[in-house]
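Undergrad: There's a structure below that I have some questions on.
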């Protein structure tokens with residue numbers, strides 16, 4: 001999608017030795033602080049009534065916000081494989097679901113008592129379970145074309161879905177996994193009815209994973225992924241272990257997707273076959289495309305747009321909102337490159353072209 | 001036992017008619033049209049509307065389904081699909097998923113989410129015994145129609161001038177273009193014909209397959225399996241793949257219902273691993 005992602009370093013960063021340039025590219029920018037600031041402000045807004053003023057929408061929508069964060073994390077995991085390594089996948093829902101069931105089962109059999117139902121340990125278990133499956137299936141995506149990859153990942157997701165539906169003794173079948181009770185987060189905060197804890201917990205974990213991915217894609221490892229995406233043959237020719245890299249990133253992406261699934265199971269206290277269903281995989285892929293692949297933020301922005309749009313449209317026309325998603329998707333593919341981030345970047349470049357920066361402003 | 005085989009073959013034949021268009025267009029233009037099932041759904045719903053609302057005979061519905069789906073196909077091909085040929089596979093997949101969503105929601109809006117049921121003519125219902133197998137008349141009808149279509153297709157592709165141009169375009173589009181073959185025109189025609197066949201398959205399958213708004217998504221995986229196993233360079237490959245899939249699916253559901261779709265998904269993944277080009281393809285290296 002974003003062939004230019006490796007080369008679109010800001011103009012000021014193109015001078016100086018390579019190491020400095022890479023460091024410059026990895027610097028946190030003001031709009032990133034703004035982004036996470038807004039996310040945190042959404043959580044803080046629940047305090048607003050206590051301070052004497054009201055924010056009409058947000059407090060009641062806290063569960064929705066947590067879900068956006070979780071879906072954003074899932075989209076982030078896809079962005080790692082799709083946006084950076086160029087691996088097309090239609091089966092990320094499998095890892096999400098495995099994570100959800102792993103965390104759900106741990107919490108259920110821990111029966112609300114730490115150590116087993118400790119949320120953080122649950123997430124670790126969710127991530128590990130998903131990454132084991134991810135590692136095992138990563139060998140399947142190494143060969144073949146995009147089409148073969150799509151079909152293999154889809155096939156794996158369908159098999160997992162089938163397993164979840166059939167292994168009733170473990171997963172509860174179509175009824176879902178009931179009675180998922182996590183103990184207190186870090187032994188301090190209990191999951192409450194209004195989703196305060198859930199939101200801050202989801203925000204914290206999502207930010208942690210995001211921070212890790214951000215470090216990763218700006219590391220030599222991340223640059224090698226972009227090289228493989230650009231041209232796997234040449235990357236191999238200059239001595240990159242292409243297959244090993246792809247296996248690593250696929251497994252890692254499965255881990256993050258598993259963590260996202262675990263988060264959803266813990267915060268909603270429920271795991272159902274819906275979490276492995278095909279539409280999870282498709283939706284999360286759409287989120288990345290909505291937002292723009294290859295920028296890490298694309299998935300988060302896409303998840304927000306997607307989920308808010310879903311919430312908004314379902315209120316107007318329940319069950320027909322798919323129609324509008326389809327329309328948006330078709331228009332996006334036909335007319336827009338790189339989603340919302342692509343639009344923003346094009347707009348900012350136009351702005352910069354119109355207003356040349358003062359000389360010496362960027363030193 | 002024979003009954004299962006028979007039902008499986010009927011089911012497989014139906015799958016072949018439904019998916020052959022997709023196989024050819026994929027091989028021809030390297031275009032992944034996941035929304036192929038939407039055309040089948042169009043044919044199926046047209047049949048439902050014509051029969052249940054206007055009381056038109058089932059036999060008129062079949063050609064009508066073919067023509068309407070084909071026209072729908074050529075309109076969409078010229079207006080939307082043709083813009084996507086030079087885009088990446090991912091874009092094509094997303095586009096066709098979008099199309100599936102739109103079709104699903106539109107049909108849901110127009111016809112409701114419930115499964116549609118048509119009443120076949122009386123003389124197509126019923127079963128009879130033959131060599132110890134219980135044979136449904138309608139399934140026999142489906143096999144005959146699909147068999148005729150298959151023979152016809154094989155003849156057109158193997159023996160006519162159009163067929164040889166089509167094969168040349170599938171084998172190497174660039175060279176075919178260089179030889180003065182109008183690949184774009186051939187593709188539009190093939191796309192329309194494939195969509196029409198899908199519509200016909202939908203009409204035939206309206207009473208066997210469950211016709212509801214999720215149809216394109218539900219059968220997408222079957223089409224993909226046919227392609228994965230059959231390959232995209234011939235039509236005999238998808239044919240055998242469809243029969244195999246039909247028999248395996250019917251037998252699997254009959255003998256071991258508890259594992260459901262597990263078998264066919266596993267087969268698909270295994271075939272993709274060991275024979276990424278398909279089971280029945282000539283080993284062509286490009």
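None of the figures in this text is laboratory data; all of them are computed from the coordinates on show. This is a predicted model, so every value here is computed, not measured. Cβ: placed from backbone, ideal geometry, glycine included. Neighbour counts: every protein chain shown.
Undergrad: What FRET efficiency would be calculated for the residue pair residue A:352, residue B:119, taking the C-beta separation as r and a Förster radius of 45 Å, to the nearest 0.05?
TA: 0.10
Undergrad: Length gain on complete extension for the stretch residue B:185 to residue B:160, per 0.36 nm per residue less the alpha carbon to alpha carbon distance?
TA: Extra length from residue B:185 to residue B:160 when fully extended: 7.4 nm.
Undergrad: Projected area of chain B, taken from the Cα convex hull and averaged over every viewing direction, in nm²? Can you show the working numbers first?
TA: On the way: hull surface 62.4 nm².
Averaged projected hull area, Cα only: 15.6 nm².
Undergrad: What fraction of the Cα pairs in the stretch B:168-252, stated in percent, has a spacing above 14 angstrom?
TA: Values: 2643 of 3570 pairs.
Within the stretch B:168-252, distances greater than 14 Å cover 74 percent of Cα pairs.
Undergrad: Still on this structure, I have one more. Using only DSSP helix segments of four residues or longer, with each worth -39500 (n - 2.57), what per-residue ellipticity at 222 nm results for chain B after dividing by its residue count and rounding to 500?
TA: Calculated mean residue ellipticity at 222 nm is -24500 deg cm²/dmol.
Undergrad: Here is a follow-up. Just to be sure I understand: if I project the alpha-carbon convex hull of the stretch A:280-329 onto a plane and average over all orientations, what area do I get in nm²?
TA: Taking a quarter of the hull surface, the average projection is 3.2 nm².
Undergrad: Now a separate question. Averaged across B:101-107, how many Cβ atoms of other chains sit within 10 Å of each residue's Cβ atom?
TA: 6
Undergrad: Helix B:58-79 sits at what angle to the longest principal axis of chain B, using alpha carbons and giving 0 to 90 degrees rounded to 10?
TA: Between helix and principal axis, roughly 30 degrees.
Undergrad: Build a GNM of chain B with springs between Cα atoms under 10 Å: which of B:223, B:240, B:155 gets the top mean-square fluctuation?
TA: B:155
Undergrad: Here is a follow-up. If you count, for each residue, the other Cβ atoms within 10 Å and average over each peptide, how do A:148-158, A:61-71 line up from highest to lowest? Kindly include the intermediate steps, with their values, before the conclusion.
TA: On the way: A:148-158: 24.5, A:61-71: 22.5.
The most tightly packed comes first, giving A:148-158, A:61-71.
Undergrad: For helix B:161-171, what angle does its Cα long axis make with the longest principal axis of chain B, in degrees from 0 to 90 and rounded to 10?
TA: Once rounded, one gets 70 degrees.
Undergrad: Okay, moving on. Mind pulling the angle between the C-alpha long axis of helix B:215-230 and the longest principal axis of chain B? Nearest 10 degrees, somewhere in 0 to 90.
TA: Its long axis makes an angle of about 60 degrees.
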